[in-house]
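Asker: The structure follows.
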Amino acid sequence: MPIIVKLDEMLHQRRLTLTELADRIGITLANLSILKTGKAKAVRFSTLEAICQALECQPGELLTFAAEDPPQADR
């Protein structure tokens, strides 16, 4: 997937655990874990806002885009 979630790095920088963040923002640990591992198919803006407020960061610090190589045509 070309969207990379850098929640682990942000938690490490802030010296927070996933459990602490889940408690602060009122999201289940399971749902936050799905986001952290990059398995989430979508994220609500309200969730992103809560994470950014708790970690004092910008959305761009949590999410990055990495383009995948385009498929090669057979010649």
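Here, each number is a calculation from the coordinates, and none is a lab measurement. Keep in mind it's a predicted model, so treat the numbers as computed, not measured. Positions of Cβ are backbone-derived with ideal geometry, glycine not excepted, and every protein chain shown enters the neighbour counts.
Asker: Less than 13 Å apart at the alpha-carbon level, and either on another chain or at least 8 residues along: which aspartates and glutamates does that give for K39?
Answerer: Cα-Cα hits under 13 Å: none found.
Asker: Along each principal axis of its Cα atoms, how long is the chain end to end? Whole angstroms, biggest number first, please.
Answerer: 55, 21, 20
Asker: Just to confirm the filter: which GluC sites (Glu not before Pro) across the chain are DSSP coil and have at most 16 other Cβ within 10 angstrom of their Cβ?
Answerer: Answer by residue number: E56, E68.
Asker: While we're on this one: Find, among the trypsin sites (Lys or Arg not before Pro) in region 23-69, those assigned to loop by DSSP (not H, G, I, E, B) with at most 14 other beta-carbon atoms within 10 angstrom.
Answerer: Answer by residue number: K39, K41, R44.
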